[in-house]
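Values in this text are rule-based calculations from the coordinates and carry no lab data. The shown structure was predicted, so the numbers you read here are calculated from the model rather than taken from an experiment. Quick reminder, even Gly has a Cβ in these numbers, built from the backbone with ideal geometry, and neighbours come from all protein chains shown.
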Amino acid sequence: MKAPICVFACLALLLCQGVAQTEAIAPAKTNETGIVRVLVAYYSLTGNTEKMAEGVVEGVKRIRGAAANLKKADEVTKQDLEDADGIIMGCPAYYGTIPGRMKVVIDDWSWKLKVDFTDKVGGAFSTGGGQAGGKEFVAVSLVMFMLNNRMVVAGPLYRNDKTGSIWGEVGATAMTGPLDPGVGEGELDGARRLGERVARLAAKMKAAATLAKEQP
C-alpha cells in the first residue's frame with residue numbers, strides 16, 4: 001500500500017507546482033482607470049515645434065500616474081481626443097497667426113468629429129522666428145479655441161527665488177531664429193512646466209470627478 005500512496009503524493013506535488021508556475025507567469029491585469037491621459041498635439045514643419053512638444057511630454061511625465069500621447073495634429077483621432085483628460089496643442093507662428101493647416105485640423109475636431117471638450121484641461125505652446133513675430137498671439141489663439149470649446153486652460157508657472165514672487169503665463173513659447181535659432185534649454189524648461197501643470201490639474205480634476213461619482 002505504501003507504493004500507491006507515494007505515487008499519489010508525487011502526482012499531487014507536481015500538480016501543485018504546475019499551478020504555482022501558471023500563476024507566476026500569468027500576465028497581471030492593469031487597472032488603467034486612474035491613469036491621467038494628456039494628449040500633446042502639434043504641427044511642425046522644421047522640427048522646432050516638435051522639439052517643444054517633446055519637452056511638454058517630459059513635463060507631463062513628472063506627474064505620477066500621468067501618461068502622454070504625443071501626436072502630430074493631423075494624425076489625432078476622435079478616440080485620442082475623447083480619451084484625453086488634458087490636451088496641449090502647439091504650432092509655429094506663420095505670418096503672425098496659426099498656420100492654415102493647423103486651423104483646419106482643430107476646427108474639424110469640433111465641426112466634423114463633434115468632440116465634447118467640456119472640462120478637459122488645456123494648454124498651448126508656440127514657436128516663431130522673430131522676437132515679436134506672433135508667438136504669443138498664436139498661443140492666445142489656441143487658448144481661445146479651448147475656451148470656446150468649454151475647456152479649462154492653464155499655463156506654466158514660474159517663481160523668482162530672490163523675491164519669492166510666483167506668476168503664470170499664457171503658454172510656452174520659443175524664438176527659433178534668426179537672432180536665437182533653435183530651441184534653447186530655457187525654452188524647453190517652459191515647455192516642461194506647461195506639461196507638468198496641465199497634467200497636475202487634469203489629475204486633480206479627474207480625482208474630484210471620480211470622488212463625486214462615488215458619493216451617494
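Shape summary of the stretch 100-155, radius of gyration then Dmax from alpha carbon positions: 12.2, 37 Å.
Placing +1 on the Cβ of every Lys and Arg and -1 on the Cβ of every Asp and Glu, with nothing else charged, gives the stretch 36-214 a dipole about its Cα centre of roughly 400 debye. Considering all different alpha carbon pairs of the stretch 142-185, the Kirkwood hydrodynamic radius works out to 13.0 Å. Taking other residues whose beta carbon is less than 15 angstrom from the beta carbon of residue 157, and scoring Lys, Arg as +1 and Asp, Glu as -1, yields +3.
For the pairs 103/135; 162/204; 71/135; 71/103, flag any whose C-alpha to C-alpha distance is greater than 24 Å. In this structure, 162/204 exceed 24 Å between Cα atoms.
Among 184-193, 137-146, sorting by the average number of other beta carbon atoms lying within 10 angstrom of each residue, highest first, gives 137-146, 184-193. Please compare each pair in 78/206; 78/213; 72/120; 72/213; 72/206 to a cut-off of 30 Å on the Cα-Cα distance and tell me which ones are over it. Over 30 Å Cα-Cα: 72/213. Kirkwood-type hydrodynamic radius, the stretch 36-214: 16.1 Å, calculated from all non-identical alpha-carbon pairs. Farthest towards the positive end of the charge dipole of the stretch 36-214, among the residues 148, 89, 133, is the Cα of 148, using unit charges on the Cβ of Lys, Arg, Asp and Glu. Evaluated with a Cβ-only charge set (Lys, Arg +1; Asp, Glu -1), the stretch 107-189 carries a dipole of roughly 260 debye about its Cα centre, given to the nearest 20.
The simple spin-label model puts a point 7 Å past each Cα toward its Cβ; for residue 213 and residue 118 those points are separated by 1.5 nm. Among the aspartates and glutamates, select those whose C-alpha is under 13 Å from the C-alpha of residue 61, and discard any that sit fewer than 8 residues away in the same chain. Counting by Cα, and skipping residues close in sequence, residue 61 has these aspartates and glutamates nearby: 196. Residue ranges 74-86, 165-177 sort as 165-177, 74-86 when ordered by packing (mean number of other C-beta atoms within 10 Å per residue, highest first).
Sorted on the mean count of surrounding Cβ atoms within 10 Å across their residues, most packed first, peptides 59-70, 38-49 read 38-49, 59-70.
Could you please report the charge total around residue 166, scoring K, R as +1 and D, E as -1 over all other residues with beta-carbon less than 14 angstrom from its beta-carbon?
Around residue 166, the surrounding residues sum to +2.
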